[in-house]
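See below for the structure under consideration.
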Amino acid sequence: MKKIILMLVMTVIVISAKAQVPYFAGTVGDGKLYGYTSLKARPGINAQETYTTFQYGLGNYTAVGLDLYTGANCSYAGYLFRAGKKISKWFGIGGQITPSFDLNNNFKFSYFTSALYMNGAISKDGNFFWCSNTWWVVNDGADNTLTNWEYLGYAFSLKNGHSITPMVGAIHSWKFDQDVDIAAGLYYSIKSWNIYLWGNDFLKDHPRVVVGVDFAL
């Protein structure tokens, strides 16, 4: 399960599109390809979003990749570089930078995302774990954002090497100028594949729901 967790590598292209799965410090691994795609929706209103990323490992601790985000009347592409390492069972740290460009406006620069990922085990067997994601987004023509996500998770082993991992956490601005949002979800792991169901804004009229799938080959 530890190897599966370390292969869960992805990035976000729009920080305001919350209810994302958590991100871990490790990269996909030397010469490996990582892919992820998801659909985000708010049942009851027309607010669908998609996010897709492909990343390729350059060595055991770095990766490069491409992102594509689409939303209501918008689409963006981003180029990412990330690095990360598991220092010990109890702590890993990684980072990422991603400039993003508007596909509807002659590929005009739109925003620059940087992220800090940290995670580690809580229990000796590694099944109970924590992770923290810090996102700093510099926007062209809009206010910048500094946001944090904290999660706790537990991996339950199933038959045939499968597992299911529920997680719960909080999303908040470092300015603490708005309500803290609760996010929760789970992923089901089948060898090198993971299937995600996530959500947030549970107390609002139209909570956000995310379904996604990823792989590392």
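Observations
- Each residue of region 71-78 was assigned a 3J(HN,Hα) from its phi angle through the Karplus curve 6.51 cos²θ - 1.76 cosθ + 1.60 (θ = phi - 60°); the sequence is x, 5, 6, 8, 7, 9, 10, x Hz, with glycine and proline shown as x.
- Residue pairs, from the table K32/K159; K86/K124; K159/K191; K40/K175; K85/K124; K40/K204, whose Cα atoms sit over 22 Å apart: K32/K159; K40/K175
- Options A183, G153, A115, ranked by Cα towards positive dipole end of the chain, top entry (Cβ charges): G153
- Note on W136 and L217: with the Förster distance fixed at 45 Å, the Cβ-Cβ geometry gives a FRET efficiency of about 0.90.
- In region 78-201, inverting the average of 1/r over every pair of distinct C-alpha atoms gives 16.5 Å as the Kirkwood radius.
- Accessible area expressed per residue, region 19-76, with surrounding protein chains retained (probe 1.4 Å, Å²): 41 Å²
- In the chain, the inverse of the mean reciprocal separation of distinct Cα atoms equals 17.5 Å; this is its Kirkwood hydrodynamic radius.
- The helix-based estimate of mean residue ellipticity at 222 nm for the chain, built from -39,500 (n - 2.57) per DSSP H run of four or more residues and divided by its residue count, is -500 deg cm²/dmol to the nearest 500.
- Note that region 99-217 presents 54 Å² accessible area per residue, ligands and nucleic acids not counted, probe 1.4 Å.
- Region 84-170 - percent of accessible surface contributed by carbon and sulfur, probe 1.4 Å: 63 percent
- Peptides 136-147, 30-41 ranked from most to least packed give 30-41, 136-147, packing being the mean of other C-beta atoms within 10 angstrom over each peptide's residues.
The values are calculated or read from the model by the stated rules, or taken from the named source; none is laboratory data. Just so we're clear, the structure is a prediction, and the values are computed from it rather than from any experiment. Cβ coordinates were reconstructed from backbone atoms using ideal geometry, including for glycine residues, and neighbour counts include every protein chain displayed. Note: accessible area is taken over every heavy atom of the protein model, side chains too, but ligands, DNA and RNA are not part of it. Shrake-Rupley method; radii C 1.70, N 1.55, O 1.52, S 1.80 Å.
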